[in-house]
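Asks: My questions all concern the structure below.
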Amino acid sequence: MKNTVKDLQEAFEKAKTVVFFGGAGVSTESGIPDFRSVDGLYHQKYDYPPETILSNSFFMSRTKEFYRFYRDKLLSHDAKPNAAHLKLAEWEQNGRLNAVITQNIDGLHQAAGSRKVLELHGSVLRNYCMKCRKSYSVEAIRCGEDVPRCSCGGVIKPDVVLYEEALDNDVMEEAIRCIQGADMMIIGGTSLVVYPAAGLIRYFQGSTLALVNRDATPMDARADIVVHEKIGEVFSRM
């Protein structure tokens, strides 16, 4: 196993087809808290655990309380793409990166300029009426203190995958296709404990699996290259 940024750079330069798979750690350097680190959302105190609030059953039964948490913790007003987002967009524009597969819902990859972004868990930027399916921007959610409602009277729901909900099948299939076609897969900013997303790694059959994460993960032993640093700092040196 190799463990330096130089090793990662050399492998990247040799690779012909590269795909990136990322999680919450990609956006923490933009000021968006992750879920499982010591200072993440799961370690903050609320009336209910975040994983309970962010479940479909909680959304359906306590919609107003869901939105109070959602607006406060998941709608960042001023987050901007960081060095990791910008580097990935640059690689794609230069023909060096085939796709970004992300567990994040913040839209920062697109804001940085990435075009091929597969959002496994949806996006806070998209919202829809549960009754008539009319689409709404994030501002329709952000502005207000009560349950957002459509002009038809229906409840507006964020287009994000809540606990108890299945991932979008089309997005999953395209992510698998991209992973299977890559000879290098870079995994960054994820604890690799959230399934089924983390299970996508088993479809990678290429030559180089690289893992960049601040903390150790269950997949470290399988990776060819492991760098335990913040991903933005690593990518800014490549």
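The values are calculated or read from the model by the stated rules, or taken from the named source; none is laboratory data. Bear in mind the structure is a predicted one, so any value in this text is a computation, not a measurement. Note that we place each Cβ from the backbone using ideal geometry, even for glycine, and neighbour counts take in every protein chain shown. Note: accessible area is taken over every heavy atom of the protein model, side chains too, but ligands, DNA and RNA are not part of it. Shrake-Rupley method; radii C 1.70, N 1.55, O 1.52, S 1.80 Å.
This table checks each residue for (1) within 24 Å of residue 200 (Cα to Cα); (2) open to solvent by 40 Å² or more (accessible area, probe 1.4 Å).
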{"site": "74", "(1), (2)": "no, no"}
{"site": "85", "(1), (2)": "yes, no"}
{"site": "93", "(1), (2)": "no, yes"}
{"site": "108", "(1), (2)": "yes, no"}
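Asks: Search region 189-212 for residues being touching a helix residue (DSSP H, G or I) at 6+ places or on another chain (Cβ under 7 Å) and either modelled with pLDDT of 95 or more or open to solvent by 20 Å² or more (accessible area, probe 1.4 Å) (or both), and hand back the single one that is farthest from residue 32 (Cα to Cα).
Replies: Step one: list which residues in region 189-212 are touching a helix residue (DSSP H, G or I) at 6+ places or on another chain (Cβ under 7 Å), which gives 189-190, 192, 200, 203-205, 208-212.
Filter once more, keeping what is either modelled with pLDDT of 95 or more or open to solvent by 20 Å² or more (accessible area, probe 1.4 Å) (or both): 203-205, 208-212.
Details: 203: 29, 204: 29, 205: 32, 208: 29, 209: 26, 210: 24, 211: 21, 212: 18 Å.
In this case the residue turns out to be 205.
Asks: Still on this structure, please answer the following. Mind listing just one residue for me: the one in region 213-228 that is open to solvent by 60 Å² or more (accessible area, probe 1.4 Å) and of a type in the set (D, E, K, R) and, of those, nearest to residue 83 (Cα to Cα)?
Replies: Out of the qualifying residues, it is 214.
Asks: For residues that are closer than 10 Å to residue 71 by Cβ and of a type outside the set (Val, Ile, Thr), scanning just region 131-154, find the one that is least open to solvent (accessible area, probe 1.4 Å).
Replies: In this case the residue turns out to be 148.
Asks: Related question: Of the residues 181, 153, 232, 199, only one is at positive phi and out of contact with any Phe, Trp or Tyr (no Cβ under 9 Å at 6 or more places or on another chain); which?
Replies: 153
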